[in-house]
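Only one structure is covered here, and it is reproduced in the block below.
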Amino acid sequence: MLVRSLEFKQRAQEALQDERLQRNLERIGVRFKLGRDLAFAALEDPEGLRNLGRAIKERSLANLPLLLETLEARVKEAGGVVHWARNAKEACTIVCDLARERGVRTVVKGKSMVTEEIALNQALQAQGVEVWETDLGEFIIQLAGEPPSHIIGPAVHKSKDQIAELFAEKLGVERVEAPEELTRIAREKLREKFLGADMGITGANAAVAETGSIVLLENEGNIRLSVTLPRIHVALVGIEKVIPTLDDLAVILALLPRSATGQKLSSYTSIITGPRRPGELDGPEEFHLILLDNGRSRILADPDRRQSLFCLRCGSCLNVCPVYRKVGGHSYGWVYSGPIGAVLTPQLVPPRLARDLPFASTLCGACAEVCPVKIELPKLLLTMRQRLTEDPNFDGGIPLMMRLAARAHGWLLTRPALYRLAMDGARLASRFLARDGRWSWLPPPVSRWASKRQVPSLARPFSRVWPSVQRKLMQGGDGS
Amino acid sequence: MKVALFVPCIVQDFHPQVAEATAMVLARAGMDVSYPKGQTCCGQLQYKSGNWKSARKVARHFIEVFQDSEAVVAPSGSCVSMVRKYYPELFRDKAHWRDRAQELGKRVFELTEFLVQVAQVEDLGAKWEAKAVYHDSCQVYRALGIHKEPRVLLSRVRGLELVEMDQADVCCGFGGSFSLQFPAVSEAMVAEKVSHILATGAELLVSAEISCLMNIGGYLRKQGHRVEALHIAELLARGGE
C-alpha cells in the first residue's frame with residue numbers, strides 16, 4: 001500500500017474540519033472503549049492476565065526460529081503447504097502464482113491487516129482476479145475505495161447514512177438506512193460470491209506451533225465461509241503471530257476479544273489445522289500458509305524495538321488515544337493507525353516516509369494502560385523519535401528548526417549563567433512585545449500557538465525572587 | 001527535613017509565583033527549604049524530541065546540582081517523571097551515571113506526593129472559597145500514579161468545593177513540542193478539555209502540572225472564559241495561618 005504518512009499534518013487538519021467524521025469518531029469511545037473497560041473490570045485479575053499475555057509474546061519471540069520450524073513441520077503433517085515470504089512482493093507473487101496455476105477467478109477474503117500491508121488485493125486484481133472483501137466493514141471500504149481506518153473496525157469512520165449512500169451508488173440498490181437492511185444487502189451480494197469463489201484468503205490472529213493450527217476470530221461468520229467453501233484456503237500470517245501451545249492460545253483468547261470489542265469471546269473462534277481430511281465433509285482441498293517477514297525480523301533483532309511485535313492487533317490503543325480520536329485512522333497514511341501505527345509504520349516502511357508519526361503523540365500513556373500485552377507504547381514512541389533524530393540508519397529528517405532549537409536549548413541548560421543571560425535577553429525583548437499579556441509579535445511556531453492561547457509573558461525569574469522568599473520563610477510567616 | 005526546591009524552566013521564567021507558593025507550602029509542612037544554585041531544567045524537551053545526546057548532558061548537570069540534596073521537590077509531574085523514570089533509561093549503557101540517576105530518582109518528588117506520602121501532611125491550613133475542578137495531568141496521574149494525593153490536599157482546603165469533570169484523565173493536548181508541531185490537533189484536544197471544565201461550572205481549574213496549566217489556562221484566557229487556572233501550590237499556599 002502506498003505510504004502517505006508524510007501527509008499526516010494536512011490530513012489531520014482536514015479530518016478536524018470534517019464534522020461528520022468528528023461525529024463518527026466520537027462514537028468510538030462509546031462503542032469500544034467502554035466495552036473494553038467493563039470486560040476487564042469483570043475479570044478477577046486483569047493485570048495478571050495481561051502479564052501472562054506479555055510473557056507469552058516475550059517467550060514466543062525469544063524462540064521464534066524454533067517455533068516457526070515446528071509450525072512448518074506440523075502444518076505439513078496436517079497436509080498443508082508452507083511458504084516463506086521475505087517481503088510484500090514475494091508474498092503477493094506466491095498468492096498470484098497460486099491463483100494463476102489453479103485457474104482462480106474469484107477470491108473471497110476474511111478481514112486481514114497483513115494483506116492490506118502487502119497490498120494483495122491490488123496485486124490479484126492486476127492479473128484479472130476478482131477479489132471480494134467479506135467482512136462487512138471491509139466490504140464497505142472496498143466499495144468506497146478506501147483503506148481501513150481502524151484495526152478492527154475498518155469502516156468505523158463511516159456513519160450509516162454514508163454507508164446507505166455508498167450501497168445505493170455502488171450496488172444499485174434502493175437507499176435504506178436501517179443497519180439490518182444494509183447488512184442484508186451485503187449478505188445477499190456476498191453469498192453468491194462465497195459460493196462461486198475458488199480461493200479464500202484470510203489472515204490469522206495467532207498460529208499455534210504445537211498443532212500447526214491457525215486461529216481466526218470474527219463476529220460475522222464470513223471468515224468461516226471463506227475458509228470452508230472455496231477449494232483453496234490461503235492464510236497470510238506475520239511471523240510474529242506464532243505462539244507455542246494451545247494453552248498459550250487460551251490466554252490470547254481471553255485477552256483479544258475483551259480488548260477489541262469488550263466480548264468475552266468472539267462470536268466465532270475457528271482453529272484451522274490443514275485442509276479437508278479424507279472422510280471430512282467440508283473444508284478446502286488445499287491449505288497454504290504464507291509466513292511473512294516484511295521487516296519483522298529486523299524489528300526482532302533490535303531489543304529496544306522488539307516489543308512492537310507483541311501487538312495482537314486489538315485496536316484498543318486507538319480507542320483511547322486522544323490524538324487518534326481527533327484525527328481518525330486515515331491521517332496516519334498507511335495500514336496501521338493510532339499509537340501502534342505510529343510505532344510500526346516507521347519500522348515497516350522506509351522511515352523517512354513516516355518520520356512525523358512518532359512525534360504525533362502527546363505521550364499521555366492512555367494506550368499503554370489498555371494494551372492487553374502491556375506494550376510500553378510511550379517508551380517505543382520515544383525510542384523511535386531518538387532513532388529518527390540521531391540514528392543515521394533511520395534518516396528521519398526531523399524539522400531542522402525543532403532540532404536546532406532543542407539542541408541550542410540543551411546547550412544553554414548546562415551553562416546556567418549563559419542560560420540566565422539568554423532568558424534575561426528574551427525578557428527584555430518581551431517588554432517591547434508584550435503588554436498586559438498580549439504579544440504584538442511572536443516567532444513561529446509560537447505565533448500559531450498564541451492564536452488560540454494566551455502566551456504568558458516573561459516574569460522576573462524565580463532565582464531573583466528567591467532571596468525575598470527566603471527572608472519570608474526565615475521570618476516564619478508567609479505574609480498571607 | 002531538608003528539601004531542595006527544583007524549579008522547572010517554565011516556572012522559573014513564566015510562573016515564578018508557583019515556585020514561591022511551593023516554597024511556602026513546604027515550609028508550612030515543616031520543611032527546611034533550600035534553592036540549589038545552578039539549576040536549569042530537567043531536559044525533557046531534548047529527551048522527548050529525540051535528542052538524547054543533548055538530554056544526557058542536561059541530565060548530568062541536573063544530577064550534579066541536586067546530588068547532595070536530602071529530598072528534591074518540584075511543582076511538576078513531568079519533570080519528576082523525567083528524572084525518576086527516564087534518566088535511568090538515558091544512561092542505560094553508562095553504569096556510573098545510571099546508578100547516580102537511580103539513586104537521585106528515589107529522592108525526587110512531585111509536590112503533592114511529597115506532602116501526603118513523605119511529609120504526611122494533608123491539611124495545610126489553606127482557605128479558598130470557590131468551586132474547583134482538578135485536572136489529572138498525564139505525567140502526574142499516569143506516569144507517576146498520583147491521583148488521590150492532590151484530591152486529599154484539596155479536600156482539606158477550607159471553603160473549597162471540589163468537583164470532578166467528565167474525562168478528567170484525558171490529555172489536554174499539550175505534549176510539549178507536540179502542540180507546536182501539530183497545532184490543529186492540539187487545539188482540538190484543549191478545546192474538548194475546556195468544554196468538560198466549563199460543564200462543571202467550576203471557577204478554578206487546578207492541576208499539579210505546570211505545562212497543562214499553561215496550555216489550558218492560556219486557552220481559557222484567550223477565549224475569555226472566567227475560569228482561573230491555578231497550580232495546586234498556589235491554592236494550598238493561600239490563606240494559611
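Every number in this text was worked out from the coordinates using simple rules, so none of it is lab data. Please read all numbers here as calculations on a predicted model, not as lab measurements. Note that each Cβ is placed from the backbone with ideal geometry, even for glycine, and that neighbours are counted across all protein chains shown.
Where a Cα-Cα gap under 16 Å defines reach, which lysines qualify for B:Lys222, not counting those fewer than 8 residues away within the same chain?
A:Lys452, B:Lys193
Tell me which trypsin sites (Lys or Arg not before Pro) from region B:177-227 have a DSSP coil assignment and no more than 14 other beta carbons within 10 Å of their own.
Working: sites: B:Lys193, B:Arg221, B:Lys222, B:Arg226; in loops: B:Arg226.
Filter output for region B:177-227: B:Arg226.
Between region A:279-299 and region B:217-238, what is the C-alpha centre distance in whole Å?
58 Å
Loop only by DSSP, 16 or fewer other Cβ within 10 Å of the Cβ. Give me the chymotrypsin sites (Phe, Trp or Tyr not before Pro) in region A:395-480 that pass, ordered by residue number. Before the final figure, lay out the partial values.
Numbers: sites: A:Trp411, A:Tyr419, A:Phe432, A:Trp439, A:Trp441, A:Trp449, A:Phe462; in loops: A:Trp441.
Counting only loop positions with at most 16 other Cβ atoms within 10 Å, the chymotrypsin sites (Phe, Trp or Tyr not before Pro) in region A:395-480 are A:Trp441.
Over every pair of different alpha-carbon atoms in chain B, take the mean of 1/r and invert it; report that Kirkwood radius in Å. Could you put the intermediate results ahead of the total?
On the way: mean 1/r = 0.0552 Å⁻¹.
Hydrodynamic radius (Kirkwood, Cα only) of chain B equals 18.1 Å.
Quick check on the protein assembly as shown: helices-only [θ] at 222 nm, where DSSP H runs of length 4 and up contribute -39,500 (n - 2.57) each and the sum goes over total residues. Nearest 500, please.
-14500 deg cm²/dmol
Under the definition of Cα pairs under 8 Å and six or more residues apart, what whole-number percent is the relative contact order of region B:108-207?
Computed over region B:108-207, the figure is 35 percent.
With no solvent and one equal point scatterer per Cα, compute the Debye intensity ratio I(q)/I(0) for region A:182-307 at 0.10 Å⁻¹ and report its log10, rounded to two decimals.
Here log10 of I(q) over I(0) equals -0.37.
For B:207-220, what's the mean count of beta carbons from other chains sitting within 10 Å of each residue's beta carbon?
Neighbouring Cβ atoms belonging to other protein chains average 2 per residue here.
Listed highest first by mean packing, meaning other Cβ atoms within 10 Å per residue, what order do A:48-59, B:173-184, A:173-184 come in?
Highest to lowest by the protection proxy: B:173-184, A:48-59, A:173-184.
Please report the antiparallel percentage of the DSSP beta bridges confined to chain B, to the nearest 5.
The answer is about 0 percent antiparallel.
Spit out the partnerless Cys residues in chain A, using Cβ distances under 4.7 Å as the pairing rule.
So, A:Cys92, A:Cys96, A:Cys311, A:Cys314, A:Cys321, A:Cys371.
Within 10 Å of each candidate Cβ there may be at most 14 other Cβ atoms; applying that plus a DSSP loop requirement, which trypsin sites (Lys or Arg not before Pro) in region B:23-97 survive?
B:Lys37, B:Arg92, B:Lys94
Leaving out same-chain residues fewer than 8 places away, which lysines sit with a Cα under 17 Å from that of A:Lys33?
A:Lys33 reaches A:Lys264, A:Lys326, A:Lys374.
For peptide A:330-336, what's the mean number of Cβ atoms from other chains within 10 Å of each residue's Cβ?
Across A:330-336, the average partner-chain Cβ count within 10 Å equals 0.
Could you work out the local net charge near A:Val327, counting Lys and Arg as +1, Asp and Glu as -1, over the other residues with Cβ closer than 11 Å to its Cβ? Present the calculation step by step, with values, prior to reporting the outcome.
Values: positive: A:Lys9, A:Arg11, A:Arg325, A:Lys326; negative: A:Glu14, A:Asp18.
Summing Lys and Arg as +1 and Asp and Glu as -1 gives +2.
Work out the charge dipole of region B:2-117 with +1 on the Cβ of Lys and Arg and -1 on the Cβ of Asp and Glu about the Cα centre, then indicate which of B:Gln46, B:Pro16, B:Ala4 is farthest towards its positive end.
After comparing all options, I get B:Gln46.
In the protein assembly as shown, what % of DSSP beta bridges are antiparallel (nearest 5)?
Expressed as a percentage, antiparallel bridges in the protein assembly as shown total about 20.
Tell me the net charge near A:Arg20. Cut-off is 14 Å between Cβ atoms, A:Arg20 excluded, with +1 for each Lys or Arg and -1 for each Asp or Glu.
Counting the neighbours of A:Arg20, the net charge comes to -2.
Which shape class applies to region B:2-117: rounded if a/c is under 1.5, otherwise prolate when a/b exceeds b/c and oblate if not, where a ≥ b ≥ c are the square roots of the Cα gyration tensor eigenvalues?
prolate
Projecting each Cα onto the charge dipole of chain A (Lys/Arg +1, Asp/Glu -1 at the beta carbon, about the Cα centre), which of A:His409, A:Ala235, A:Ser468 comes out farthest on the positive side?
Toward the positive end, the furthest listed residue is A:Ser468.
Give me the lysines in straight-line cross-link reach of A:Lys472: C-alpha distance below 30 Å, same-chain residues under 8 apart excluded.
B:Lys2, B:Lys37, B:Lys106, B:Lys127, B:Lys131
What size of dipole, in debye to the nearest 20, comes out for the protein assembly as shown about its Cα centre when the only charges are +1 on Lys and Arg C-beta atoms and -1 on Asp and Glu C-beta atoms? Walk me through the numbers before you get to the answer.
Details: 94 positive and 83 negative charges, 476 e Å.
Charge dipole, the protein assembly as shown, about its Cα centre: 2280 debye, nearest 20.
In whole Å, what are the Cα extents of the protein assembly as shown along the three principal axes, biggest one first?
94, 58, 48
Among B:Ser78, A:Ala85, A:Ile28, whose Cα sits farthest toward the positive end of the charge dipole of the protein assembly as shown (+1 at Cβ of Lys/Arg, -1 at Cβ of Asp/Glu, about the Cα centre)?
Of the candidates, B:Ser78 comes out farthest on the positive side.
I'd like the mean, over residues of B:185-197, of how many other protein chain beta carbons sit within 10 Å of each residue's own Cβ.
What the average comes to for B:185-197 is 4.
With just the Cα atoms of region A:1-62, tell me how far they stretch along each of the three principal axes, in Å, largest first.
Principal-axis extents of the Cα atoms in region A:1-62, largest first: 42, 32, 16 Å.
Give, as a single signed number, the net charge of other residues whose beta carbon lies under 14 Å from the beta carbon of A:Trp441, with Lys and Arg counted +1 and Asp and Glu -1.
Details: positive: A:Arg431, A:Arg435, A:Arg438, A:Arg448; negative: none.
Net of charged neighbours comes to +4.
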